[in-house]
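Only one structure is covered here, and it is reproduced in the block below.
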Amino acid sequence: MNLVFLGPPGAGKGTQAGLVSEYFDIPHISSGDIFRKNIFTKTNLGKKAKEFIDKGVLVPDKITNTMVKLRLERNDCKDGFILDGYPRTVAQADFLSGITDISCVINFILSKEEIVKRISGRRTCKKCRKVYHVEFNPPDQKSVCDECAGELIQRSDESPEIIRKRLKEYKKKTAPLENYYKKEDLLVEMDASPSINEIFNDVKKILKKVSRL
Ligand code: AMP
């Protein structure tokens, strides 16, 4: 099963991708996470990507496509994968269709108000990268990771101002992919406002059908 999870930042794609990855035993590939790892380890790719990410704009297609292609060529992707946060432009979607076939695209839908609330409350562990939310999923001890006692921080691109910029980018460059995949008859719409478990149950139902095709 080759899956694409589409939807604005904060819609919960990453959380659902993590659950699906465990349930169906296929890798969760988050382009944002790969960039962040590269920034953290100060690679050349990380240095290039950081200047765009910190401004809340997309990293150029060429850099992103090369990075994702290399990831998809790894052996663990041979039985399927979940792409989370990629493709984000029509040029990326065209590139992707040139290197692999996609089985299903799930589009996670959430209102702008809810997105800003979700993202601005997010806190990420500096050490193990585990993600919390100050209101919906707080750590036991304020600003300390339950798993590794690392410090919880707000990502540099999760301030309200940068979130608004990211949402604008989404509307302009990524939202056209909804029609793109609708035309290919691959798009499934998913309300992203219920609880994590409720959404996951719906996602599982859809993917069980897809995996039998
Ligand atoms: P995310 O964690 O998926 O929201 O990604 C964080 C940031 O990484 C985005 O705001 C972009 O700057 C960059 N990024 C992630 N995926 C892509 C992509 N497919 N194309 C371009 N930039 C991306």
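The values are calculated or read from the model by the stated rules, or taken from the named source; none is laboratory data. Everything numeric in this text was worked out from a predicted model, so none of it was measured. Cβ coordinates were reconstructed from backbone atoms using ideal geometry, including for glycine residues, and neighbour counts include every protein chain displayed. Areas reflect the complete protein model, heavy atoms only, side chains present, ligands, DNA and RNA absent. Shrake-Rupley method; radii C 1.70, N 1.55, O 1.52, S 1.80 Å.
Using a 1.4 Å probe and counting only protein heavy atoms, arrange T43, T64 so the residue with the most accessible area comes first.
On the way: T43 45, T64 5 Å².
Correct descending sequence by accessible area is T43, T64.
Leaving out ligands, DNA and RNA, and with a 1.4 Å probe, what % of the accessible surface on the range 78-164 is carbon or sulfur?
Ligands and nucleic acids excluded, carbon and sulfur reach 48 percent.
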Relative contact order [Cα under 8 Å, 6+ residues apart], the chain, whole percent: 30
Cα-based shape type of the chain, given that a ≥ b ≥ c are square roots of the gyration tensor eigenvalues and the cut on a/c is 1.5: rounded
Solvent-accessible area of I102 with every protein chain in place, 1.4 Å probe, in Å² to the nearest 10: 30
Low-density loop positions, GluC sites (Glu not before Pro), the range 118-169 - DSSP coil, at most 12 other Cβ in 10 Å: E135, E147
Selection of chymotrypsin sites (Phe, Trp or Tyr not before Pro), the range 131-213, meeting DSSP coil and at most 12 other Cβ within 10 Å: F136
Extension gain, E189 back to S159 (0.36 nm per residue minus Cα-Cα distance, nm): 8.0 nm
5 angstrom amide H check on S30, placed H, neighbours 5+ away: D84
The chain - accessible surface per residue (Å², probe 1.4 Å): 55
Net length gained if the chain between D76 and K117 were fully extended (0.36 nm per residue, minus Cα distance): 11.2 nm
Loop-located trypsin sites (Lys or Arg not before Pro) in the range 37-142, at most 11 other Cβ atoms within 10 Å (DSSP): K42, R74, K78, K142
Share, in percent, of DSSP beta bridges within the chain that are antiparallel, nearest 5: 35
